[in-house]
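Asks: One structure is given below, represented as structure tokens, and several questions about it will come after.
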Amino acid sequence: MLLRRLKNRIIESDLELHDKLFVLLSGVALLALIIIFFVGIIIGETGTDLLMLGGAILIAGLLSMFAIVKRKIGIMAGLFSFIIVFFLLPVTFFTGGAIFGGGPLWFVFAILFISLTLRRKVKLIFLHALIFVSAACYAFAYKYPSYVTSHDYTMAYLDSFISLLLIMSSISIMITFVTKLYTLENEKAEARKKEIEELNASQNHFFSSMSHEIRTPINTIIGLNEMILREDVSAEVAEDAANIQSASKMLLHLINDILDMSKLESGKMQLNMDSYNIGDMLSDVVGMLWIRAKDKGLEFHVDLEPDMPSGYLGDEVRIKQILINVINNSIKYTKTGSVTLSIQCAKQDNGMANVIFTVTDTGIGIKKENIPYLFTAFKRVEEDRNKYIEGTGLGLSIVKQFVDMMGGKITVNSVYTKGSTFIIEIPQKIVDEESVGEFGLENRAAMQMRETYHRSFEAPSARVLVVDDNASNLMVVKKLLRDTLVKIDTVESGKEALEKTLEIEYNVIFMDHMMPEMDGIECLKKIRAQAGGRCKQSKIVALTANSGADNQQLYVREGFDGYLLKPISGEAIEQELYRQLPREMVVVSDDDAAILEESTAWMQKHNKKTDVVITTESVADIPKSLLKKHNIAVIPYLVETEAGLFEDGFEIESHGLISYMNRDNNLAWTKAPSVDEHEAFFAEQLAKANNVIHMSISKKVNNSGCEIAMEAAGIFENVTVFDTGNLSSGQGIMVLEACRMAEEGMPVDKILANLERMKSKIHSNFIVDNMDYLAKSGQVGEYLSSIAKAFNVHPVMLLHNGKMSVGGFYFGSRERAWRKYINRMVNKMSTADKKYLFVTYVGLSQKDIEEIRSIIANRLNFENVYFQKASPAIAVNCGPETFGLLYMDE
């Protein structure tokens with residue numbers, strides 16, 4: 001009874017789990033020690049042993065009480081473990097007959113105590129200490145048995161048996177207690193989980209109700225505002241009405257964000273897959289946002305690939321939401337300049353396509369360290385700087401989650417203070433191959449300041465009933481359908497609707513869902529089953545403020561013929577009515593394709609962005625014709641002299657540089673572009689392509705810019721710097737191969753994998769006239785250069801594992817050395833890929849070039865042989881009368 005009460009008191013206390021276990025184990029240990037004390041008296045233990053045991057019981061009891069009262073349980077658990085391991089166990093072992101008693105069994109209890117009451121590193125320390133102490137006790141008792149208090153045969157068995165009973169009881173109590181604790185903790189966790197679920201349900205209900213309640217007045221605002229835009233009003237009134245329309249839609253968008261975040265957090269968000277026209281979708285998006293850009297004095301451009309398919313299968317509403325959030329974000333953070341939306345389509349197999357939306361702005365940009373936080377809900381980067389910029393912090397978080405749900409990806413490239421680019425890729429199924437350029441945006445009406453309304457049809461013989469408990473909503477629907485000439489009746493309850501349907505046959509009924517007394521679903525079922533009713537076969541369309549795919553599925557499941565979400569536009573309700581009415585009742589207007597007074601000025605001539613662009617450095621030594629043919633952008637290295645700093649190949653050329661260095665023994669050095677220069681270069685390329693692969697010189701050569709380029713690429717998600725492990729035209733060959741793969745449509749990861757395998761197949765080597773320039777550039781020592789010059793040595797420099805080294809020597813005249821070098825290289829080219837051979841040179845005469853060309857033409861059969869003058873940055877390191885045969889193995 002006492003143990004049960006103690007156990008319940010411990011369980012119900014507010015102590016942490018480890019602390020509860022300490023209290024219980026201490027209590028069990030004290031009880032066991034008390035039993036052992038009395039057993040010791042009965043079996044005749046010595047007075048000294050009993051005195052020590054009694055003292056230990058008293059001290060342990062007082063310390064336990066102190067620890068519980070003062071809440072110092074963690075410290076006391078460590079102290080107890082210390083006393084048990086280094087004092088109590090050794091004493092019990094030696095005074096209890098060592099292995100001929102119960103002492104060894106108490107080592108098991110010590111393990112249990114330490115494991116359950118201590119934490120992390122402290123636990124490991126004491127467990128190791130326990131192993132050490134137990135081993136020491138056994139070894140010492142074995143070596144010096146005289147220190148062990150001997151027990152007779154009977155006492156040894158009795159002591160061992162009692163210890164066994166006590167330890168078994170302790171373990172049983174502990175396992176029962178721990179099981180009970182974990183059961184209680186699981187029950188608490190389940191209760192908390194249920195509470196959270198109820199809270200989420202309550203929150204979702206609140207958001208859903210809020211959405212419904214706010215959509216109702218917005219429906220009135222947008223509907224009546226549309227009627228103003230239809231009228232012949234002044235330009236000022238029309239502009240004000242257009243701004244009201246845009247602001248109302250943005251408010252509606254914000255409500256959707258809040259509702260969707262709630263659904264995403266509860267895991268109840270579902271995509272509503274349906275076919276849509278990308279031109280119509282973009283018209284809605286741009287029509288909502290271009291006024292905001294205009295109000296800030298920003299240029300707003302849309303760059304649409306004209307030959308992309310117009311129809312796709314996807315969640316149009318969520319894609320709109322993604323684009324609105326990203327574009328709105330760009331407008332908010334851009335003070336001057338422009339915001340550009342680009343849309344491309346990359347067709348794939350099985351009728352699928354990767355639709356790529358790119359939003360580029362000239363705004364404040366994003367710091368590299370802040371990019372990981374962009375998609376965190378309620379987190380705004382640089383809060384102090386941006387505190388006067390409106391926003392909830394929800395938009396980009398929702399964007400990321402929607403893109404992930406659709407199996408797409410979103411990447412961000414930004415240069416701080418210069419602007420940002422968001423690239424959104426969403427896989428979609430193509431359902432209409434018609435070109436969007438012919439059937440899309442060119443004939444859209446949604447982009448102008450003042451829309452010209454054109455009635456799409458008339459149906460004077462049709463009868464429509466509108467059921468809604470809100471008089472404003474009834475008024476809006478009636479006005480929006482006024483020009484169709486249909487006969488419209490309105491009622492404010494399900495009961496009134498049933499009275500009407502008993503008397504009049506309606507072709508279409510627009511039914512609100514959430515109504516008091518009788519909701520829309522119940523009213524629908526009663527109309528279908530109404531005895532003597534005249535509308536059992538009528539088309540009934542849900543007219544509701546409840547958004548979401550789950551609600552749409554509900555209406556389909558309940559038997560509605562259609563679904564319209566408030567706020568309702570005139571175009572949407574006319575289209576739905578046209579869809580539901582019998583064709584013989586409808587007279588289509590001849591003015592369906594009316595031309596707008598204002599053209600779609602927000603459009604610009606399409607400049608298709610490449611999926612992958614290959615860039616490199618001036619040191620790659622690629623002919624200008626090939627650079628132009630493959631649109632290879634080049635960032636120039638710098639050549640530094642005492643006369644100043646010059647761009648490699650642009651402001652200085654090889655012949656002039658060599659002449660300068662030969663005059664008065666002048667010096668020159670190569671210098672890689674800075675991080676800022678690389679960042680600006682990459683940003684410029686991303687305006688033309690979705691992905692950039694930058695082919696860099698080997699990072700192991702002197703003055704390489706590879707690591708600088710990698711640092712600069714760190715702020716861009718779509719820029720990859722590839723270390724070619726080569727230089728000069730060896731690097732150039734890899735650039736050309738990368739271009740070939742990109743032009744074949746190969747994705748970035750496959751291009752990089754192929755390039756990695758290609759590294760070992762490139763042969764980059766040069767024969768130099770002497771080592772003077774190599775010594776000046778630090779490639780070899782001055783002493784080695786002097787010896788080579790004295791013996792008329794012509795070294796061959798080759799790139800091995802990305803590093804420049806001496807690969808051989810030729811003695812004698814320059815012409816003799818050249819012939820030997822060419823013969824050796826020709827003999828090694830049996831496995832060469834015959835696409836191209838580069839003869840890259842510095843300071844050769846035309847006669848030298850023609851002689852080399854003749855030898856190669858007679859002995860080798862390459863499709864293309866390029867004689868390429870080395871860039872100044874390469875020339876400065878090797879000097880005149882240098883050339884190399886650079887090629888790639890198959």
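The values are calculated or read from the model by the stated rules, or taken from the named source; none is laboratory data. If you're wondering where the values come from, they're calculated on a predicted model, not measured in any experiment. We place every Cβ from the backbone using ideal geometry, glycine too, and count neighbours over all the protein chains shown. Heavy atoms of the whole protein, side chains included, go into the accessibility calculation; ligands, DNA and RNA do not. Shrake-Rupley method; radii C 1.70, N 1.55, O 1.52, S 1.80 Å.
Asks: When the residues of segment 502-518 are filtered to those that are under 22 Å from LYS479 (Cα atoms) and not aliphatic (A, V, I, L, M), which remaining residue is surrounded by the fewest Cβ atoms within 10 Å (Cβ to Cβ)?
Replies: GLU505
Asks: Which of the following residues is open to solvent by less than 30 Å² (accessible area, probe 1.4 Å), aliphatic (A, V, I, L, M), modelled with pLDDT under 80 and assigned to a helix (DSSP H, G or I): LEU289, LEU282, LEU229?
Replies: On the way: LEU289 fails: modelled with pLDDT under 80; LEU282 fails: modelled with pLDDT under 80.
Just a single option satisfies the conditions, and that option is LEU229.
Asks: Give me a count of the residues in segment 845-890 that are closer than 29 Å to THR641 by Cα, out of contact with any helix residue (DSSP H, G or I) (no Cβ under 9 Å at 6 or more places or on another chain) and either buried (at least 24 other Cβ atoms within 10 Å of the Cβ) or charged (D, E, K, R) (or both).
Replies: Within segment 845-890, residues that are closer than 29 Å to THR641 by Cα, out of contact with any helix residue (DSSP H, G or I) (no Cβ under 9 Å at 6 or more places or on another chain) and either buried (at least 24 other Cβ atoms within 10 Å of the Cβ) or charged (D, E, K, R) (or both) number 0.
Asks: Can you tell me which residue within segment 394-413, out of those that are aliphatic (A, V, I, L, M) and open to solvent by less than 20 Å² (accessible area, probe 1.4 Å), is nearest to GLY337 (Cα to Cα)?
Replies: Only one residue fits best here, namely VAL412.
Asks: Just checking, how many residues over segment 78-106 are open to solvent by less than 20 Å² (accessible area, probe 1.4 Å), closer than 19 Å to ALA139 by Cβ and either charged (D, E, K, R) or in a helix (DSSP H, G or I) (or both)?
Replies: 4
Asks: Can I ask one more? Could you list all residues from segment 804-839 that are closer than 18 Å to ASN858 by Cα and of a type in the set (A, V, I, L, M)?
Replies: Passing the criteria: ILE822, MET825, VAL826, MET829, ALA832, LEU837, VAL839.
Asks: While we're on this one: Can you tell me how many residues in segment 741-777 are assigned to a helix (DSSP H, G or I), exposed (fewer than 15 other Cβ atoms within 10 Å of the Cβ) and of a type in the set (D, E, K, R)?
Replies: Residues meeting the conditions: 5.
Asks: Taking segment 132-165 as the region of interest, how many residues are open to solvent by 60 Å² or more (accessible area, probe 1.4 Å), at pLDDT below 80 and among the charged types (D, E, K, R)?
Replies: Counting residues in segment 132-165 that are open to solvent by 60 Å² or more (accessible area, probe 1.4 Å), at pLDDT below 80 and among the charged types (D, E, K, R) gives 1.
Asks: Restricting attention to segment 298-331, which residues are open to solvent by 40 Å² or more (accessible area, probe 1.4 Å) and modelled with pLDDT of 85 or more?
Replies: Scanning segment 298-331 gives GLU299, HIS301, LEU313, GLU316, LYS320.
Asks: Something else now. Of the residues VAL701, VAL619, only one is farther than 28 Å from GLU425 by Cα, assigned to a loop (DSSP other than H, G, I, E, B), at pLDDT below 85 and more than 28 Å from the chain's Cα centre (by Cα); which?
Replies: Only one candidate qualifies: VAL701.
Asks: Just to confirm my filter: which helices (runs of 4 or more DSSP H) fall fully inside segment 786-890 and include at least 3 residues that are within 29 Å of ILE635 (Cβ to Cβ)?
Replies: Where helices (runs of 4 or more DSSP H) fall fully within segment 786-890 and carry at least 3 residues being within 29 Å of ILE635 (Cβ to Cβ), they are 872-878.
Asks: Something else now. Exactly one condition in (1) farther than 30 Å from ILE504 by Cβ; (2) of a type in the set (Phe, Trp, Tyr); (3) at pLDDT below 90; (4) buried (at least 19 other Cβ atoms within 10 Å of the Cβ) is false for TYR416; which is it?
Replies: (4)
Asks: Run down ASN702, ASN691, ASN726 and say which single residue is within 21 Å of LEU626 (Cα to Cα) and either touching a Gly at 6+ places or on another chain (Cβ under 9 Å) or open to solvent by 40 Å² or more (accessible area, probe 1.4 Å) (or both).
Replies: Testing whether each residue is within 21 Å of LEU626 (Cα to Cα) and either touching a Gly at 6+ places or on another chain (Cβ under 9 Å) or open to solvent by 40 Å² or more (accessible area, probe 1.4 Å) (or both) leaves just ASN726.
Asks: Pick from segment 519-546 the residues that are under 20 Å from GLU576 (Cα atoms) and in contact with a Lys or Arg (Cβ under 8 Å, 6 or more places away or on another chain): which of them is surrounded by the fewest Cβ atoms within 10 Å (Cβ to Cβ)?
Replies: My answer is LYS536.
Asks: Test ASN277 against the stated conditions and say whether it is modelled with pLDDT of 85 or more and polar (S, T, N, Q).
Replies: Spelling it out, ASN277 is indeed modelled with pLDDT of 85 or more and polar (S, T, N, Q).
Asks: Another question, if that's okay. List, please: which pairs have Cβ atoms under 6 Å, are six or more places apart or on different chains, and start with a residue in segment 173-196 that is under 19 Å from LEU116 (Cα atoms) and end with one that is part of a helix (DSSP H, G or I) and open to solvent by 60 Å² or more (accessible area, probe 1.4 Å)?
Replies: none
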